[in-house]
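Pasting a structure here, questions to come.
Please treat every number below as a calculation from the coordinates, not as lab data. Everything numeric here is computed off the predicted structure, so don't read it as measured data. Here the Cβ positions follow ideal geometry from the backbone for every residue, glycine too, while neighbour counts run over all protein chains shown.
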């Protein structure tokens with residue numbers, strides 16, 4: 001190291017840092033560059049609101065896919081958020097610490113299971129079940145929501161537990177000393193204090209659900225149709241990109257990039273909301 | 001009518017406990033389901049012989065290689081870049097609007113769906129740069145996908161090193177790089193390694209970004225310019241096409257075991273470092 | 001030859017709009033213990049950290065005036081800060097053992113300076129631990145973690161760590177504030193021995209400690225140096241009424 005010296009090390013580090021950050025920025029710019037011209041040419045309103053997705057005829061309305069993503073993601077949240085938060089609350093407030101310390105890593109390990117496996121279970125177990133007991137093709141919004149909801153559970157549980165554990169013990173003790181039960185303390189004091197962390201976890205999970213591709217392709221059906229019931233088969237924005245990418249050319253390909261830009265923007269908005277929620281918590285302290 | 005608190009407490013515990021139990025049952029069911037049909041399929045032959053008949057028969061050895069090489073390449077590229085970037089951002093620059101913007105940017109990039117990285121990799125590496133479907137294209141794409149995560153987790157780990165350690169080091173006449181090398185990095189290592197392990201785990205399970213950049217060739221790759229198929233991609237193809245559900249289960253079980261091993265190693269490493277320090 | 005290790009002329013330190021030190025004039029003689037007393041917030045720690053340029057680590061601090069160390073201005077742009085800190089060591093208020101073995105803690109500094117032969121390092125470790133009055137208690141467990149020691153032992157470890165650099169000056173910032181009376185006594189005993197070879201500057205919020213071991217005492221109040229001189233005189237016949245009030249406990 002004497003050969004390079006302090007200044008040298010600093011130069012190497014700054015060079016690598018700038019290279020890495022520049023590369024990441026270039027990726028973002030590349031996608032925007034491929035997709036934005038299409039949006040200007042075709043018109044953003046048309047793109048988002050038209051239901052005609054017929055690439056061969058030059059029609060690129062992604063409204064059915066937008067609806068599909070919204071329905072499936074909303075469904076995932078309806079299933080995953082209450083289950084996840086309930087689980088997190090139970091594990092941190094009503095279960096002895098040592099037990100929680102074992103269960104939490106196990107749940108986090110389950111988060112590492114690849115999405116294709118979840119999709120597979122959806123196809124082999126869930127879809128036939130829905131088909132037999134509820135009708136429709138089985139591969140549906142419902143199947144997608146349930147599978148996605150399960151996939152985001154570990155995220156919500158893990159981060160919510162962290163937020164709840166971060167609430168100072170003195171809050172709980174103050175409440176209990178006034179004669180409150182554990183549940184009263186939990187819902188009137190602890191959860192309120194951990195609120196922003198829990199919300200951030202849900203927003204993060206929504207982001208993951210929106211971006212999920214493989215599992216959704218396997219269980220949601222993939223037909224380009226505006227959903228009217230949860231048993232309908234749908235194609236999300238991500239599925240659309242994946243299914244058409246390998247043979248799309250020209251304007252078609254640009255349309256797929258434009259879809260990517262839309263997803264990009266949505267993620268950025270979600271991230272901003274999440275970090276605002278966290279910043280509000282820090283400011284309140 | 002006001003319900004006495006002890007009843008609401010009991011009701012709450014039942015509901016919450018039920019929800020937790022349901023969650024755990026579902027998650028355990030998934031593993032059991034795959035392992036029940038998949039574990040019996042796994043044998044030495046299965047793991048180490050080549051695929052026959054487009055995957056309908058034979059083993060999954062080429063995909064094992066693929067699942068090994070792609071994350072390896074991704075980590076080799078992303079880890080040094082990520083650590084250098086986070087060290088530079090935390091130790092060599094001041095907290096300013098610029099660093100906050102960079103942090104927000106890396107957070108956003110960490111949340112970008114993998115299919116978009118796949119799209120980028122396909123257009124940029126495979127097509128424009130002409131690398132074709134190859135380990136190189138796949139590895140580069142994966143590297144950029146996990147880079148933001150590594151930067152963020154490394155940054156958190158470095159920031160968690162107590163300021164007093166830095167003060168002590170400087171007061172003993174250390175230079176900035178000496179402090180980083182001898183005090184900060186060793187203490188931040190558990191956190192950094194966790195981020196790297198998470199990156200590996202994610203790369204092994206990744207399908208969308210890989211299938212469009214590394215392709216899906218079942219031949220054993222001879223160089224990094226050859227296409228390869230990972231276990232995740234193989235499993236997806238087998239499942240989707242309905243070919244040999246037996247091999248599908250086997251591949252899924254192997255895949256899950258691989259991912260679990262990586263994560264368990266991460267926990268074990270973290271445990272090791274934390275106990276060594278205190 | 002100038003027998004003053006430090007010659008401080010008109011030192012002022014500003015942080016944004018606030019002035020933390022107002023034009024301090026002070027000479028620190030060789031091989032003596034200088035005790036710095038004063039209430040919280042009077043600038044004692046800022047002053048101490050100005051002497052080994054630890055203030056550089058804080059963003060936004062502005063330093064004016066001259067701080068001469070062995071006749072050289074340490075705030076000169078080309079001055080080698082790293083070398084300065086090797087000759088002017090510092091013990092902080094809270095013991096901060098690095099997360100390594102006792103042995104590695106002590107040799108951390110010397111290794112940075114390039115000393116690597118085990119024999120030399122072993123000698124250094126024994127010498128420093130003895131000088132810090134810690135050797136007997138830890139000589140059989142040098143490879144165990146420094147974090148397992150008690151508070152008083154950890155602080156003596158930090159002192160030994162500084163001594164291993166073989167500095168000229170040792171700065172101590174309220175080193176005994178968190179320690180029990182026995183550990184405090186051991187550190188005071190160590191310092192009294194050490195002044196034969198080193199120059200010691202000790203910031204303390206305990207006036208009795210200053211009375212016990214320092215040769216010279218300086219009284220800081222609200223960013224100013226009110227008075228300084230031989231300890232007996234400061235404590236028996238101070239010139240300034242404020243010094244007297246502080247020493248007799250009327251405030252602070």
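What distance in nm separates the simple spin-label points at residue C:22 and residue A:106, each placed 7 Å from Cα in the Cβ direction?
Here the modelled spin labels are 6.7 nm apart.
Let me ask something else. Of the residues C:24, C:102, C:233, which exhibits the maximal mean-square fluctuation in a Gaussian network model of chain C defined by a 10 Å Cα contact cut-off?
C:233
List the equivalent ellipsoid semi-axes of region B:126-278 in whole Å, largest first, each obtained as the square root of 5λ for an eigenvalue λ of the Cα gyration tensor.
Each semi-axis is the square root of five times an eigenvalue, giving 40, 19, 10 Å.
Relative to the longest principal axis of chain C, what angle (0 to 90°, nearest 10) does the C-alpha long axis of helix C:181-194 take?
Long axis of C:181-194 versus the principal axis of chain C: about 90 degrees.
Can you tell me the relative contact order of chain B? Whole percent, Cα pairs under 8 Å, sequence separation 6 or more.
Taking the mean separation of contacting Cα pairs over the length of chain B, I get 27 percent.
Could you give the distance between the Cα centres of region B:98-116 and region A:187-237, to the whole Å?
20
Restricting things to alpha carbons, tell me how big region A:190-250 is in terms of Rg and Dmax, in Å.
According to the Cα coordinates of region A:190-250, Rg and Dmax are 16.2, 55 Å.
What is the extension gain from residue A:36 to residue A:95, computed as 0.36 nm multiplied by their sequence separation minus the C-alpha to C-alpha distance, in nm to one decimal?
Computed gain between residue A:36 and residue A:95 is 16.1 nm.
Separate question: When you look at the Cβ of every residue in B:177-186, what mean number of other chain Cβ atoms sits within 10 Å?
4
Enumerate the residues in region A:45-68 having an amide nitrogen under 16 Å from the point lying 7 Å beyond the Cα of residue A:226 toward its Cβ.
Correct set: A:45-54, A:60-68.
Take every DSSP beta bridge with both residues inside the protein assembly as shown and express the antiparallel ones as a percent of the total, to the nearest 5.
Numbers: 29 of 47 bridges.
The answer is about 60 percent antiparallel.
Just to be sure I understand the model, the point goes 7 Å from the Cα along the line to the Cβ. What's the resulting residue A:273 to residue C:15 distance in nm?
Taking the two extended label points, one gets 4.0 nm.
Additional query: Can you tell me what share of the DSSP beta bridges in region C:4-247 is antiparallel? A percent to the nearest 5 is fine.
60
Between the helical axis of C:102-112 and the dominant principal axis of chain C, each derived from Cα atoms, what acute angle in degrees is found, rounded to the nearest 10?
70
Using alpha carbons only, how many degrees (0 to 90, rounded to 10) separate the axis of helix C:118-131 from the longest principal axis of chain C?
Between the helix axis and the principal axis of chain C, the angle is about 50 degrees.
A further question follows. When the Cα centres of region B:235-274 and region C:78-155 are compared, how far apart do they sit, in Å?
47
Let me ask something additional. Give me the distance in nm between label points sitting 7 Å out from Cα along the Cα-to-Cβ direction at residue B:13 and residue A:249, one decimal.
6.9
Separate question: Within region C:217-231, name every residue whose backbone N is under 17 Å away from a label modeled 7 Å from Cα of residue C:250 along the Cβ vector.
Once the point is set 7 Å along Cα→Cβ of residue C:250, C:219-222, C:226-227 turn out to lie under 17 Å by backbone N, inside region C:217-231.
For a Förster distance of 41 Å, can you work out the FRET efficiency between the beta-carbons of residue C:232 and residue B:93, rounded to the nearest 0.05? Walk me through the intermediate numbers first.
On the way: r = 51 Å, r/R0 = 1.24.
With a Förster radius of 41 Å, E is 0.20.
Continuing with the same structure: From the convex hull of the Cα coordinates of chain C, what is the mean projected area in square nanometres? Provide the component values of the computation, followed by the final result.
Values: hull surface 55.9 nm².
For chain C, the mean projected area of the Cα convex hull comes to 14.0 nm².
Additional query: Mind checking which of B:147, B:198, B:260 has the largest fluctuation in a GNM of chain B, springs on alpha carbons under 10 Å?
B:260
According to the Kirkwood expression over distinct Cα-Cα pairs, how big is the hydrodynamic radius of region A:11-107, in Å? Numbers along the way, then the final one.
Values: mean 1/r = 0.0543 Å⁻¹.
When all Cα pairs of region A:11-107 are included, the Kirkwood radius is 18.4 Å.
What FRET efficiency, computed as 1/(1 + (r/R0)^6) with R0 = 56 Å and r the Cβ-Cβ distance, is obtained for residue A:23 and residue A:170, rounded to the nearest 0.05?
Efficiency for this residue pair is about 0.75.
Report D for the protein assembly as shown in µm² per second (integer): Stokes-Einstein, Kirkwood Rh on Cα pairs, 4 °C, 1.567 mPa s. Each step should come with its number before you reach the end.
Working: Rh = 30.6 Å.
In µm²/s, the coefficient is 42.
For residue C:192 and residue C:30, what is the calculated FRET efficiency with R₀ set at 22 Å and r taken between the beta-carbons, to the nearest 0.05?
0.90
Which distance in Å, rounded to a whole number, links the C-alpha centroids of region A:238-252 and region B:40-90?
With region A:238-252 and region B:40-90 each reduced to a Cα centre, they are spaced 26 Å.
Could you tell me whether chain A comes out rounded, prolate or oblate from its Cα gyration tensor? Rule is a ≥ b ≥ c as square roots of the eigenvalues, rounded for a/c under 1.5, then prolate if a/b exceeds b/c, otherwise oblate. It would help to have the intermediate numbers written out before the result.
On the way: a/c = 2.12, a/b = 1.23, b/c = 1.73.
Oblate shape, in that a/c is at least 1.5 and b/c is the bigger or equal ratio.
Still on this model: Using helices alone, what [θ] at 222 nm do you get for chain C, with -39,500 (n - 2.57) per DSSP H run of 4 or more residues, divided over all residues and rounded to the nearest 500?
About -10000 deg cm²/dmol.
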